């Protein structure tokens, strides 16, 4: 049975079931949950009718490079609690930058994924225990 938009939204806000541990630091741990994106650009221009962006989020922080699961054919992705979407990264420096990039997955030999958007966040902008 398929979920309604409201059920998908509600399910995406449920606690993540699996957390990926990464990072070689001991100063702090940054917890990141990727829940969703809204109104992504469709990078599948000229593709088959009905083809849309296959988004995933790449995360870079210090010595860690991670990514969510790929969701196929959606411009408003919602990562579910059972998917790869939650990360605990042990950091070395409290002044590092967290970089998030949204990409359109392409099954190409060189993993040449199309960029959709990106953001860089200084860790000092995070509030503790939130």
Any idea which of 88, 16, 26 is in a loop (DSSP other than H, G, I, E, B), touching a residue at least 60 places away in the same chain (Cβ under 8 Å), touching a strand residue (DSSP E or B) at 6+ places or on another chain (Cβ under 6 Å) and farther than 18 Å from residue 114 by Cβ?
16
Does the stretch 79-97 hold any residues that are farther than 18 Å from residue 18 by Cβ, in contact with a helix residue (DSSP H, G or I) (Cβ under 9 Å, 6 or more places away or on another chain) and surrounded by fewer than 17 Cβ atoms within 10 Å (Cβ to Cβ), and which are they?
93, 94, 95, 97
Quick one: which of 100, 71 is surrounded by fewer than 18 Cβ atoms within 10 Å (Cβ to Cβ) and under 11 Å from the mean Cα position of the chain (by Cα)?
100
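Any residue in the stretch 48-59 that is assigned to a loop (DSSP other than H, G, I, E, B), touching a residue at least 40 places away in the same chain (Cβ under 8 Å) and under 15 Å from the mean Cα position of the chain (by Cα)?
Yes: the stretch 48-59 contains one or more residues that are assigned to a loop (DSSP other than H, G, I, E, B), touching a residue at least 40 places away in the same chain (Cβ under 8 Å) and under 15 Å from the mean Cα position of the chain (by Cα).
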When you scan the stretch 112-125, do you find a residue that is at pLDDT 95 or above, surrounded by 13 or more Cβ atoms within 10 Å (Cβ to Cβ) and either in a loop (DSSP other than H, G, I, E, B) or out of contact with any strand residue (DSSP E or B) (no Cβ under 8 Å at 6 or more places or on another chain) (or both), even just one?
no
Condition (residue is out of contact with any helix residue (DSSP H, G or I) (no Cβ under 7 Å at 6 or more places or on another chain), over 25 Å from residue 113 (Cα atoms) and surrounded by 14 or more Cβ atoms within 10 Å (Cβ to Cβ)) applied to the stretch 41-64: is it met by at least one residue?
no
Which condition breaks for residue 76 when tested against (1) out of contact with any helix residue (DSSP H, G or I) (no Cβ under 8 Å at 6 or more places or on another chain); (2) assigned to a loop (DSSP other than H, G, I, E, B); (3) within 25 Å of residue 24 (Cα to Cα)?
(3)
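The values are calculated or read from the model by the stated rules, or taken from the named source; none is laboratory data. Since the structure is predicted, the reported quantities are computational estimates derived from the model, not experimental observations. As a convention, Cβ positions derive from the backbone with ideal geometry for all residues, glycine included, and neighbour counts pool all protein chains shown.
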